[in-house]
1. Inspect the stretch 66-76 for any residue being surrounded by 19 or more Cβ atoms within 10 Å (Cβ to Cβ) and closer than 25 Å to Lys193 by Cα and give the result as yes or no.
2. Take the residues in the stretch 129-141 that are away from ligand 1 (no atom under 16 Å from the Cβ) and within 18 Å of the chain's Cα centre (by Cα), then tell me which one is modelled with the lowest pLDDT.
3. Given the residues Leu119, Leu70, Leu41, Leu23, which is the only one that is without any contact (Cβ under 8 Å) to a residue 60 or more places away in the chain, under 29 Å from Asp217 (Cβ atoms) and not acidic (Asp, Glu)?
4. Given the conditions (1) modelled with pLDDT under 75; (2) assigned to a helix (DSSP H, G or I); (3) more than 21 Å from Thr220 (Cβ to Cβ); (4) not polar (S, T, N, Q), report the number of the one that Ile276 does not fulfil.
5. Do you know which residues across the stretch 150-185 are more than 23 Å from Gly97 (Cα to Cα), modelled with pLDDT of 85 or more and not hydrophobic (A, V, I, L, M, F, W, C)?
6. If you go through the stretch 83-114 one residue at a time, how many are away from ligand 2 (no atom under 16 Å from the Cβ) and more than 19 Å from Arg161 (Cβ to Cβ)?
7. Go over the candidates Gly97, Gly122 one by one and state the one that is within 16 Å of ligand 1 (Cβ to nearest atom), at pLDDT 95 or above and in contact with a Ser or Thr (Cβ under 8 Å, 6 or more places away or on another chain).
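The values are calculated or read from the model by the stated rules, or taken from the named source; none is laboratory data. The shown structure was predicted, so the numbers you read here are calculated from the model rather than taken from an experiment. Cβ sites come from the backbone with ideal geometry, for glycine too, and all protein chains shown count toward neighbours.
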Amino acid sequence: MASEIHLSVVIPVYNEQESIPELSHRLTEVCRSLKKGHEILFVDDGSSDGTLEAIRGVRKTDRNIAGLSLAKNSGKANAYAAGFDAARGEVVITMDGDLQDRPEQIPEFLAKIDEGYDLVTGWKYTGKGKRTWSSRLFNRLVRAWTKLDIHDTNCPFKAYRREVVKNLKVYGTLYRFIPALAYWKGYRVAEIKVENDPRKHGATKYGPGRFLGGFFDLLTVTFLTQYIKRPLHFFGLAGLVLGSAGFFIDLAIVIKGLISGRVGHQAMLLLGLVLIIIGVQFIFAGLLAEMLFRLYQEQGREVPVYRRLDG
Ligand code: UDP
Ligand code: MG
């Protein structure tokens, strides 16, 4: 059967039992007004409160609401992976389950998709979630490194053309860089301003340490977007630079030794040798990475364990 679903809304929820009734009520209203087939997919990320029951409850009022339940709390990226795998819509919207994003803005995202963009990402430019200096600095770095001109890489409110979510592989904390990852695959990325309301119920799931890993992630993303298909170019360059430096240092020492007739500079000679060895190691690391990438390409993508709620 061909998909009659135009829109899938994917919402990762971890201990959000109080938010689900209002959120789904507002979503139902907005989605119905679109007059197109839609589904609302709550992905329960192994909640320990009444989130599952809340999803079952709202399903009784709107059969377009579905629930996916991850076997254990596995983080937002895995919740997205499950939601993206199950989504049947031509367009997929993601938003948080804590009422910080406004469902009423979904039509603005769809309008931008209709303009021909493959990914539309929100920019939280006001409200309590207004970007802090650390987040602004982070976004500035991301912009410089990824060369994608957007202000808010980590905004959870996004719209994707189906193909994008089926092709993206998000894991760990890489979901923060979805726009860059998509952009580097060649998709057209746009940004629209979104409101950001304060959290009504429950508490944030992330502590103050959230930015700590961000810079490593940025390195990963730079590598993934620009070198993953040619790791040898990355390692090979480093290897060549170090190896040639070592080679020329040693060459100079040998020539000097020949001219002056005495051998010296043991320390430099050693440094040269070390550099040559490290250089060769880098090149081998690059070759290994090339092999890994090939193996990885031949395997399917990993989807976390989940099941569709029935009843
Ligand atoms: N979330 C999740 N799994 C987790 C942590 C969070 O699915 O392990 C969900 C959470 O329920 C919410 C969204 O991800 O819908 C964003 O979380 P939160 O609001 O705590 O982040 P913040 O808005 O503070 O950045
Ligand atoms: Mg939140």
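1. There is at least one residue in the stretch 66-76 that is surrounded by 19 or more Cβ atoms within 10 Å (Cβ to Cβ) and closer than 25 Å to Lys193 by Cα.
2. Per the stated criteria, the residue is Leu141.
3. Exactly one of Leu119, Leu70, Leu41, Leu23 is without any contact (Cβ under 8 Å) to a residue 60 or more places away in the chain, under 29 Å from Asp217 (Cβ atoms) and not acidic (Asp, Glu), namely Leu41.
4. (1)
5. Passing the criteria: Glu163, Tyr183.
6. Of the residues in the stretch 83-114, 1 are away from ligand 2 (no atom under 16 Å from the Cβ) and more than 19 Å from Arg161 (Cβ to Cβ).
7. Going through Gly97, Gly122 in turn, the sole match is Gly97.
Per-residue answers, yes or no, for (1) in contact with a Pro (Cβ under 8 Å, 6 or more places away or on another chain); (2) hydrophobic (A, V, I, L, M, F, W, C); (3) under 16 Å from Glu290 (Cα atoms):
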| position | (1), (2), (3) |
| --- | --- |
| Gly214 | no, no, no |
| Leu219 | no, yes, no |
| Lys229 | no, no, yes |
| Leu232 | no, yes, yes |
| Gly236 | no, no, yes |
| Val241 | no, yes, no |
| Ala252 | no, yes, no |
